[in-house]
Each structure stands twice: as structure tokens, then as C-alpha cells.
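The structure under discussion is supplied below as C-alpha cells; questions concerning it will follow.
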Amino acid sequence: MAQTGSTPPRIPNNNYAIEIFQGPLLAPIRVTGVGGAYVADAENTEGSAVNPASPAVRNPYSADWFEYDLALGASLPGAFTSTDFDNHGDSFNLPNPQAGNFVDLTLGGSLKFGALGFAVTGDLEQYSLTTSGGSGGPIPSGAQGLTLEIGRWKVQGAYALFDGQLVLGGGARILTMQVHDAESNSQPTEAGTSLVQRGTTLLTTPTSLLVQRGATLLTMTGLGPEVGALYMPTGAQVRLGAAVRAPVSGGIFGSENVTTNAIGVQRAGPFVLPSSVEMPWEVDLGVAYQLGPRPLNPGWRNPHEQAASLREQIAFARETRAKQRELELEALSGWARAAREAQLDADEAAARADEDARLDDVMKHLHDEAQARYDNWPREKILVLASVLLTGPSSNAVSVEGFLDQRVETAGRVVTATPRVGLEGEPLRDEMQLRLGSYVEPSRYETGTPRQHFTFGGDIRLIPCTFWGLFPKDPWKIGFIIDLAPRYENYGLAIGTWH
């Protein structure tokens with residue numbers, strides 16, 4: 001941990017909290033590519049990471065009543081440089097713990113049933129801690145060689161009103177934090193892991209994606225609600241989005257590694273434990289505006305509603321036949337009833353097969369019509385995005401780095417604002433999309449200063465593939481992002497379907 005002036009004192013007791021604050025963007029590829037300014041666009045599973053209304057948002061290419069979407073991405077924050085992840089900005093001139101083997105995984109899936117949608121998303125950070133000093137440094141003795149995992153999970157449901165022009169959603173965000181003994185300490189213990197000297201900084205450089213971890217020293221978890229809204233008037237080139245997230249506060253989950261000393265201080269291994277782990281409240285407000293001939297809000301036609309008249313006709317015909325069947329069978333008995341019942345069952349099966357085929361033909365026609373409507377739209381666009389994220393204060397809290405250092409340096413005492421802007425376009429028609437963005441990351445320390453990030457990203461279309469019949473034969477895409485700021489770099493890749 002960095003500090004201006006004297007070294008902060010050691011944490012003396014359990015009367016403090018760990019604040020989990022995400023300064024640098026760790027989000028799905030598309031979200032990061034536009035600098036995080038995605039709350040007013042909020043399409044696909046990626047949108048669920050920033051707006052709880054996203055699960056029920058229908059994309060312009062939506063052609064079916066039921067649809068699903070999957071997302072998977074990985075990034076390596078600080079893989080190629082020394083990383084000041086929490087934007088402290090200064091240096092102790094003491095041996096500091098350094099984050100290495102830093103991996104961030106984003107994953108999720110969403111299901112849409114007409115105007116109703118559900119999504120589950122997750123963001124999992126894992127990194128190892130090393131130090132260039134011994135027990136005399138700021139990191140406690142015995143804490144050298146640790147693996148830290150922070151998970152942010154979301155479960156959401158949403159519903160679209162007024163033909164999809166207003167979408168409301170809600171859910172829960174779940175926080176988990178675990179500290180493990182790492183299998184390796186200051187020397188490599190597996191192929192492909194090395195230590196690189198950069199000035200006074202020791203860095204681990206991974207060739208495997210996840211660090212092998214040892215025994216669990218600490219597990220903490222908590223959850224809190226969130227709500228979101230998206231206003232997307234049909235025919236307009238503008239969208240408005242908002243998300244409000246309540247604070248999350250959690251405690252220790254499980255206590256097999258927790259001990260209490262003679263003066264009542266609880267510890268797990270070398271750590272004086274906090275009373276809670278917390279994510280502060282957040283309010284995210286944004287706007288999206290699309291330039292060019294491509295429509296942003298074309299409206300979604302629910303195929304079940306379009307075929308409602310035929311469904312009603314079929315239901316009425318089946319109900320009428322059922323009544324006639326009962327009346328006819330009441331007048332018969334014995335073998336005559338049994339024979340007529342068998343004949344009526346066969347006739348009903350044939351009639352239902354014919355009705356189902358008619359309905360399938362109509363649904364296929366509606367699907368093809370919606371697909372042709374989408375295919376015939378122009379693809380030229382420039383999507384302009386802007387948002388501001390307000391993050392609330394934390395009471396008597398230290399950062400994750402402060403917890404690992406076991407130093408008292410309060411973080412998050414005031415409300416902070418993160419302005420974000422982004423652009424998205426398609427320079428190569430139906431082959432490549434590019435994005436760029438910027439955001440100003442605040443510091444949660446009293447002595448820290450904001451720093452500006454610049455983000456770049458895009459998608460490149462690949463050939464259609466079914467992956468051994470597991471998915472429809474759709475074209476796939478590979479996505480990439482770069483996030484650059486003083487004392488911070490992040491590079492990531494993702495895979496998904498091209499639209």
C-alpha cells in the first residue's frame with residue numbers, strides 16, 4: 001500500500017470493514033470497450049452486468065419468442081506491468097505486496113420468454129500476492145504467497161412494458177471474497193511461472209490462466225438488491241438508462257480457520273479479521289444516441305401476439321370438437337362406444353397435427369419476416385454513449401490492499417463520481433465492429449487523485465460453427481479490449497455470436 005508521509009499503523013482489532021470498490025473496469029468485453037458507458041444500451045448478457053433491466057431488452061435482430069445468450073471473457077489486468085490497481089498513486093519506499101497472476105473472468109447467460117427475461121452473470125477476480133521483503137515489511141509475517149479471489153455475482157429478472165419501450169428489472173448482487181494459501185511463495189513451483197524484476201517491484205508473470213491455490217484462510221460473503229430501468233421509445237435514436245444498487249454487507253462464512261487471542265481479537269492465519277466486507281451503494285445514469293441510418297429502437301414484434309388470432313381459432317376448434325366428442329359418446333355404450341372412441345381419438349390426433357403444422361408454418365413465416373427486416377436494415381452507425389456512476393461512502397473501511405497489508409488507512413469516506421463516454425461503429429460492414437471509450441477513475445483515498453483511462457475494443461467476425469452440434473450454425477466472433485491508464489494496463493479476449 002502506498003502512503004504519503006509516515007507508514008500507517010497496523011490494524012489493532014476487528015472494528016473495521018473491507019471495502020470492495022471497483023475502480024478500473026472489470027466487465028464484459030463490450031462494456032469495457034466503450035469505457036463502461038453501457039447502462040443506456042444494455043443489450044445481450046453483457047448488459048446485465050450494468051443494468052438489471054437488460055434481461056428483457058430485445059435486440060433489433062430478435063426474431064423469436066424464446067431466445068438465449070451466453071457470454072464468456074477473460075482479461076489480464078497488470079499482466080505486463082506493475083499495477084496500482086486501487087489507484088493509490090504514491091509509494092511507501094518500503095517493500096510492498098505486489099499483485100501477480102492477475103486474472104479476471106466474466107461469464108453469464110440470459111433467457112428471454114417474450115417480454116420476460118432472466119440472467120445470471122459473474123465476475124471472478126483472482127490474483128496472487130508476493131512481496132520483496134520479509135516479515136519486517138508491511139505484509140504480515142506468514143502472509144507471503146497468497147491467492148485472493150473476489151467474486152461479484154448477479155441474479156436478475158426483468159419485464160418489458162408498452163411493447164418493449166420501457167423495461168424494468170431487479171435482482172440481487174452477491175459478493176464473495178476468499179483468501180487462500182498459495183502453492184508457491186517467492187520461488188516458482190510450477191512450469192511457466194517466473195518472477196521478473198522491474199526496478200524495486202517483483203512481478204509474477206503467468207503462463208497458466210488460474211493460480212493453483214492452497215488451504216482457505218478466510219471466506220466472506222454478502223448480498224444486496226439492485227433495480228434498473230431502460231427507456232427506449234420506438235422509432236427514436238435515443239435511449240435512457242438507470243441502475244440503482246443497494247450497499248452489500250457480508251460477514252465471515254465458516255470459521256474453521258478463525259482463532260481468537262487472549263484479548264478477543266479474531267484472526268485467520270496472519271490476518272486480523274474485519275467485522276464485515278462491503279460494497280457501497282451505486283447509482284448509474286446514462287444516455288445512448290445513435291447516428292446514421294441504422295435504427296436504434298426499431299421496436300420488437302412479439303410473434304406470440306402476432307399469431308394470437310390463429311392460436312385462439314385453434315383453441316376454439318379443439319374445445320368445440322371436445323364437446324361434440326362427449327355428446328356423441330354419451331349416446332353409445334359397449335363395443336360401439338369403444339370403437340367410436342378409438343376413431344375419434346385418431347381423428348383428433350390428425351386434426352391436431354394439421355393445426356400444429358399450420359401454426360409452425362405461421363411462426364416460421366413470422367421468424368423469416370423479422371429476420372429479413374433486420375437483414376435489410378443499413379448497418380452504418382455511430383453509437384454515442386455517456387454515463388456517470390456515483391458510488392457511496394463506506395464507514396470505517398480499508399481497501400483490499402489495506403487488509404492484505406494489515407495497515408489502517410481508511411478508504412471510501414466520501415461519495416465519488418466516475419464519468420464515462422464511449423463510441424461504437426462498424427467500419428467493415430458485417431465483418432468488424434470497433435469501440436473506444438474513456439472514463440475517469442476516482443481514488444477512494446484522501447491523498448489519492450483521479451486518473452483517466454482510455455479503452456479500445458472490437459469484434460471480428462469468424463466463420464459459422466456448430467461446435468459439434470451444441471449450437472445453431474451461426475457466425476461467431478472474437479472480441480478484444482485494451483484499457484490503459486497511469487500505472488495500469490488491462491488486455492482481454494472474449495468469444496460470442498456475431499449479429
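The values are calculated or read from the model by the stated rules, or taken from the named source; none is laboratory data. From a predicted model like this one, the values you see are computed outputs, not experimental measurements. All Cβ positions, even for glycine, are placed from backbone atoms using ideal geometry, and neighbour counts span all protein chains on display.
Residues are listed down the side, and each one gets a yes or a no for (1) β-branched (V, I, T); (2) at negative phi; (3) in a strand (DSSP E or B):
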{"site": "A417", "(1), (2), (3)": "no, yes, yes"}
{"site": "L423", "(1), (2), (3)": "no, yes, yes"}
{"site": "T447", "(1), (2), (3)": "yes, yes, no"}
{"site": "F454", "(1), (2), (3)": "no, yes, yes"}
{"site": "I463", "(1), (2), (3)": "yes, yes, yes"}
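While we're here: Among what's in the range 49-69 and is at pLDDT below 95 and among the small types (G, A, S), pick the residue that is nearest to L161 (Cα to Cα).
Among them, the one singled out is S62.
Okay, next question. List the number of the failed condition for N261; all other conditions in (1) touching a strand residue (DSSP E or B) at 6+ places or on another chain (Cβ under 6 Å); (2) at pLDDT below 90 hold.
(1)
In addition: Would you check if there is a residue in the range 93-108 being part of a strand (DSSP E or B), surrounded by fewer than 22 Cβ atoms within 10 Å (Cβ to Cβ) and modelled with pLDDT of 90 or more?
Yes: the range 93-108 contains one or more residues that are part of a strand (DSSP E or B), surrounded by fewer than 22 Cβ atoms within 10 Å (Cβ to Cβ) and modelled with pLDDT of 90 or more.
On the given criteria, is N14 assigned to a loop (DSSP other than H, G, I, E, B), within 27 Å of I174 (Cβ to Cβ) and at pLDDT 90 or above? Working first, answer last.
Values: assigned to a loop (DSSP other than H, G, I, E, B): yes; within 27 Å of I174 (Cβ to Cβ): yes; at pLDDT 90 or above: yes.
Considered against the rule, which asks whether it is assigned to a loop (DSSP other than H, G, I, E, B), within 27 Å of I174 (Cβ to Cβ) and at pLDDT 90 or above, N14 comes out as yes.
Can you tell me which residue among G412, G479, G402 is under 23 Å from A71 (Cα atoms) and of a type outside the set (V, I, T)?
Going through G412, G479, G402 in turn, just one is under 23 Å from A71 (Cα atoms) and of a type outside the set (V, I, T): G479.
Output the residues belonging to the range 385-410 that are buried (at least 23 other Cβ atoms within 10 Å of the Cβ) and assigned to a loop (DSSP other than H, G, I, E, B).
S394
Only one of (1) within 30 Å of M432 (Cα to Cα); (2) in contact with a Phe, Trp or Tyr (Cβ under 9 Å, 6 or more places away or on another chain) is not met by M363, so which one is it?
All conditions pass for M363, except number (1).
Of the conditions (1) modelled with pLDDT of 85 or more; (2) part of a loop (DSSP other than H, G, I, E, B), T83 fails just one. Which one is it?
(1)
Give, as residue ranges, the strands (runs of 3 or more DSSP E) completely inside the range 229-340 that count at least 2 residues that are under 23 Å from the mean Cα position of the chain (by Cα) and closer than 25 Å to D163 by Cβ. Reasoning before the result, please.
Values: elements: 238-245, 248-252, 258-260, 266-268, 276-279, 282-291.
Per the criteria, 238-245, 282-291.
Determine which single condition P270 fails, assuming it passes every other condition in (1) touching a residue at least 24 places away in the same chain (Cβ under 8 Å); (2) touching a strand residue (DSSP E or B) at 6+ places or on another chain (Cβ under 6 Å); (3) surrounded by fewer than 18 Cβ atoms within 10 Å (Cβ to Cβ).
The failed condition is (2).
Now a separate question. One residue is enough: does the range 17-36 have a residue meeting the conditions modelled with pLDDT of 85 or more and of a type in the set (D, E)?
The first filter runs over the range 17-36 and keeps only residues modelled with pLDDT of 85 or more, leaving 17-21, 23-36.
Subset that is of a type in the set (D, E): 19.
Yes, the conditions are met somewhere in the range 17-36.
Right, another one. Just one of (1) surrounded by fewer than 11 Cβ atoms within 10 Å (Cβ to Cβ); (2) modelled with pLDDT under 90 trips up L327, so point out which.
(2)
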